[in-house]
Every structure is written in C-alpha cells, then in structure tokens.
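Trainee: Once you've had a glance at the structure underneath, I'll fire off some questions.
The values are calculated or read from the model by the stated rules, or taken from the named source; none is laboratory data. These numbers were taken from a predicted model, which means no experiment stands behind them. When we count neighbours, we look across all protein chains shown, and the Cβ atoms used for this are built from the backbone with ideal geometry, even at glycine.
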Amino acid sequence: MFEYFSKYWFDFVWVMTLKEIKARYKRVFLGFLWAILNPILQMIVIGFLFQFFIPMEIDNYFYFLFAGLLPWNFFSYTFSKCTPLMLNERALIQKAKFPREALVLSIVFSNLFHLIISLLLFVILVIFVGYLSIYKIIILFLTISWLVFFTIGISLLLSTLYVRYRDIKFIVQAVVPLWFYATPIIYTRSLLPASIASALRFNPMTGIVELFQFIFVSNNLIFSLDAIIPGILISFIITIVGIHLFKRDNEYFDDWL
Amino acid sequence: MNKNIKKVTRKFNNPLAIEVKNVTKTYVLRHQKPTLIENILYRPKKEIHTALNNITFNVHEGDRLGIVGSNGSGKTTLLKLIAGITKQQKGSIKVNGRVVSLIDLSAGFHPDLTGEENIFLNGLVIGMTKREISEKKQAIIEFADIGKFIDAPLYTYSSGMKLRLGFSIAVHSDPEILLIDEGFAVGDENFREKAHNKLVGFKKQGITIVMVSHWLWELERSCDHFMWLRSGRVVSKGNIKVLKKYQQYFNHP
C-alpha cells in the first residue's frame, strides 16, 4: 500500500521523529533545556573524573574523551532503545499496516537530533582550542553519515531478532559495557599491545570514534585508514543483514507479539 | 428503462474489492518465550497451529460480508490478513482501496502527546496523508466530541474519550473497505447511536464492509453476504441462508 521513500513515507518518518522528540520532554519542567543540559553535565563530570583521578598520557584528555563519547552515546542509546521496540509498540503494529521501519528510524533520528545539539555545544568549546576547519567539518559530516547508517543497520537487526528471541535483550545488556571498553574512547589504541590494537580495527566503532577524535583533538590533517576500511566493511555487512532480516520478517511481527 | 438495466448489470459486475485465494495462515505454538540460546543449543520442536486453511473467497465493491464462526475459527486472523497487519504463509490476498479496520480503536495513542498531536500520529498510522489530516482535523475533533480536551495530553482522557477519538479518526479517513471486529462500539448510548448512524451512512455510500460478530441479528441487519468459518475452513458462504444454517447447527449440532 505504501512505497519506500514516497512522500507518505517521509511524512510518516518525520511525524514519528517529532513525536519521539516531543514526547521525551513533554512532561518535564524546563523541557527542552534538558536536551542541552544533559551533555554539559556529562562533560563536566567526565572531564573532572578523568582529569584528576585517572591521568592518561593523552593531550587535551577532556576533549579527547568527549569526542569519543558523543558518537558512542548516540550509538549505544539508540540500539539499546530499539532492541525491544517492536514489543513496546505492539499496540501500533496490531492496529494497522504502516511502514514499520519508521519506528526504528524515528528513534535513530531523534537521537541524532540530540547528538547534533551536543556537537554544536562541543564545537563552541573546540573553537578555543582551534582545531576545526572546513575540511574537518566535511569529514565530520561523512563520519556522522557512516555512524547513522551503521546505527540504523544494527537497530533493525536487533529489533527484528528480539521479536523472535527474547533473550536478545539480556545479550545486548551484557554486550554494551564490553563493547564500550573494546572501543578506544577512554584510551588510544597506541597504548595497547599491537595484536589487540590490530584486532580492534574490526569493531566499526573504532574507526568512527577515531575519526571523531581526529576531527576534534588532532591538529594533523591526515588520518589513518587503518581502522576505517575494515570498519566500513563490517558495518556494511551488518547493515545489509539487518535490512534483509527486517524486510523478511516485519510483515510477520504480529504473529510473535 | 435502459439506464436502469445498465445500473443493474453494473451491480453484478462490480470490480473486486478483496480477492482471497488459497490462503493458509499458520502460527508457531510456543509454550514459553522463545530464546536464541535455546535455539542454538538444541532445536526446539515446532508445533504448528493452522489458523486458516486454504481459504478462497471474493468480495466485490459495495458488498457487505458478515463472517460467523465460534471462537478460534479464524475470523479475527482473517481480518488481520485483509488489514495487512500480518501476512499469510501461502496463497495471495489482493485488496483494492484503502482499508481501515475498526479493531482496538483506543489503542496506539501516545499518552504524553495532546489529542491534536495524536490525531496526526494515528491518522498517518492508518494511512492518511498529512494534508488529508489537516483538512479533516476540525471534523474529527467535532465528531469525537472531546471539547477542550483536544489540547490536553492523552493520559488525561477517559477510556470513552479515547475510543471516540479513535473511531472518529478511522471513519474520517475515507475508507473504501471497512473491517469491523466484534464489539467495536462499546461506548455509552449516545456514542453507540452515533457510530451506528455513521455505519448506516457508509452502507448508503456503498462502501465495502467485512464484519465479524457473534450477534447474528447485528450481522443480519448490516450485511448482505455471509460466510461461516469453522476451524480455519469455510463451511459455507452465500446469502442469508448461511446464517440460518449456522443457527441450526448451533441449536442441534
């Protein structure tokens, strides 16, 4: 009845995304301010903690840390929230036929909206350090596209699997902290033994986080493709599998809810 | 005279609204929540339940089909398949025109959003475009009769108000095929009256209706074609005689 990428499809995704953003702050005093306050508070707390208690041999550690946390938080919040999504939205799914991928996309895009607010705040801070340039903004745009693409893929995959296998939620809960430490957010790969550093290349988040760190805390103009090529490859595979499973199963979701 | 004949022949050659061909719908029976670990460790045996077994029928435009059958005969599954909420394992279903189902009318609202925001959300879910919703918003609000609550979040609504809002959105979406599950109009007397009038209006407009009910008098009043389902198979279909047979079967099985 509906086509992918038709006007109705875009309207649907748009309205669902607005709903997601609005509903989040609707009943909260100061409403929208929280969208800005949250990342600022996080910046302060993390900056403090790591600056004074766990010193690392990394320049501008606060900036370094925040550059990695931004994409990681977006990524982990989104796919954790999307995993039980179809079950949480069963009332809608059992009501009518509509493009169900919009459920996942609305979560991704509403979190992207929050990521962009945090990024804008961060950019204001980074200007004082003076690393940004048009060149890096272009790379930032490409990196965010990769991040969003991968996040959509893994969210589709996990939300589809969860409809059939309810222990996926526990697996995800267990994997998130492990994945965090397997991504060079609080450390750099150069501090690790070569074999482990090399193995981490196959985690797509490594490439994404390192690109963010390159954009915001490095004064180089050249970045290494070391973690980027395997990362793009693997995120591509995961996303293709996610889209395929979702397309195959989404018409039967109701049977399992 | 000539004109009249034309009209009559047209009625008999009405195009198909719903074409159901050899449809089989099965469900995997599960006694526990399925898990991935279990699936990897040992393949659990699958118990298959056949809800609909090789069903074939047509509904022409303007037909009003009433479906009877005891609990578990597959009536609701059939409505879900026509509505596109789920999909058959075998066979094909072709639907021409916008389907709107009056199933679970008060479901699918977001409790934190206002009535107006929910109209947009729900309208899109049942297949209206943004423009259509904008155009019909006022009519929807008036018919639902929720007054100043329209700017209040949905969690402040009574269940009757949610039901009225859901019904109002559904009937204002210009359905071409209307699916009605049993007990859809469970509001107060006033609302039931309004809902009934709306359905009579649809009947006059010649909208295709598929209706499921245990109330035979309700079906008799609203429908002109009937189908009897038992354990996922069609026992008989046709005119009002089907209802009589069904009644007899129940009195002297």
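Trainee: When you scan the stretch A:228-245, do you find a residue that is assigned to a helix (DSSP H, G or I) and within 14 Å of chain B (Cβ to nearest Cβ), even just one?
Mentor: Scanning the stretch A:228-245 turns up at least one residue that is assigned to a helix (DSSP H, G or I) and within 14 Å of chain B (Cβ to nearest Cβ).
Trainee: Does B:Asp112 meet the test of being of a type in the set (Asp, Glu) and under 23 Å from B:Lys203 (Cβ atoms)?
Mentor: No, not satisfied.
Trainee: Can I ask one more? When the stretch B:120-139 is examined, which residues are found to be more than 16 Å from A:Trp14 (Cβ to Cβ), more than 9 Å from every other protein chain (Cβ to nearest Cβ) and in contact (Cβ under 8 Å) with a residue 12 or more places away in the chain?
Mentor: Scanning the stretch B:120-139 gives B:Lys136, B:Lys137, B:Ala139.
For every residue, the table says whether it meets (1) in contact with a Leu (Cβ under 9 Å, 6 or more places away or on another chain); (2) crowded, with 16+ Cβ neighbours inside 10 Å; (3) touching a residue at least 60 places away in the same chain (Cβ under 8 Å); (4) of a type in the set (A, V, I, L, M, F, W, C).
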{"residue": "B:Ile169", "(1), (2), (3), (4)": "yes, yes, no, yes"}
{"residue": "B:Asn197", "(1), (2), (3), (4)": "no, no, no, no"}
{"residue": "B:Trp217", "(1), (2), (3), (4)": "no, no, no, yes"}
{"residue": "B:Asp224", "(1), (2), (3), (4)": "yes, no, yes, no"}
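Trainee: Okay, next question. Got a sec? Which helices (runs of 4 or more DSSP H) wholly within the stretch A:159-219 have at least 1 residues that are in contact (Cβ under 8 Å) with a residue 12 or more places away in the chain?
Mentor: Those helices (runs of 4 or more DSSP H) span A:168-181, A:204-217.
Trainee: Check whether at least one residue in the stretch B:99-108 is facing chain A (nearest Cβ under 8 Å), surrounded by fewer than 18 Cβ atoms within 10 Å (Cβ to Cβ), under 16 Å from the mean Cα position of the chain (by Cα) and of a type outside the set (Val, Ile, Thr), and report yes or no.
Mentor: The answer is yes, given that some residue of the stretch B:99-108 is facing chain A (nearest Cβ under 8 Å), surrounded by fewer than 18 Cβ atoms within 10 Å (Cβ to Cβ), under 16 Å from the mean Cα position of the chain (by Cα) and of a type outside the set (Val, Ile, Thr).
Trainee: A follow-up question, please. Is it true that A:Leu125 is assigned to a helix (DSSP H, G or I), more than 14 Å from chain B (Cβ to nearest Cβ), surrounded by fewer than 19 Cβ atoms within 10 Å (Cβ to Cβ) and at pLDDT below 90? Reasoning before the result, please.
Mentor: Values: assigned to a helix (DSSP H, G or I): yes; more than 14 Å from chain B (Cβ to nearest Cβ): yes; surrounded by fewer than 19 Cβ atoms within 10 Å (Cβ to Cβ): yes; at pLDDT below 90: yes.
Criteria met by A:Leu125.
Trainee: Oh, and also: Within the bounds of the stretch A:97-106, is there any residue that is more than 29 Å from A:Asp255 (Cα to Cα), over 18 Å from the mean Cα position of the chain (by Cα) and surrounded by 20 or more Cβ atoms within 10 Å (Cβ to Cβ)?
Mentor: no
Trainee: Still on this structure, please answer the following. Within the stretch B:77-97, does at least one residue satisfy the condition of being under 19 Å from B:Leu243 (Cβ atoms), touching a residue at least 60 places away in the same chain (Cβ under 8 Å) and within 14 Å of chain A (Cβ to nearest Cβ)?
Mentor: yes
Trainee: Given the criterion surrounded by 17 or more Cβ atoms within 10 Å (Cβ to Cβ), part of a strand (DSSP E or B) and within 14 Å of another protein chain (Cβ to nearest Cβ), identify the matching residue among B:Leu178, B:Leu163.
Mentor: Result of the check over B:Leu178, B:Leu163: B:Leu178.
Trainee: Based on this model, can you work out whether A:Leu225 counts as within 14 Å of chain B (Cβ to nearest Cβ) and hydrophobic (A, V, I, L, M, F, W, C)?
Mentor: no
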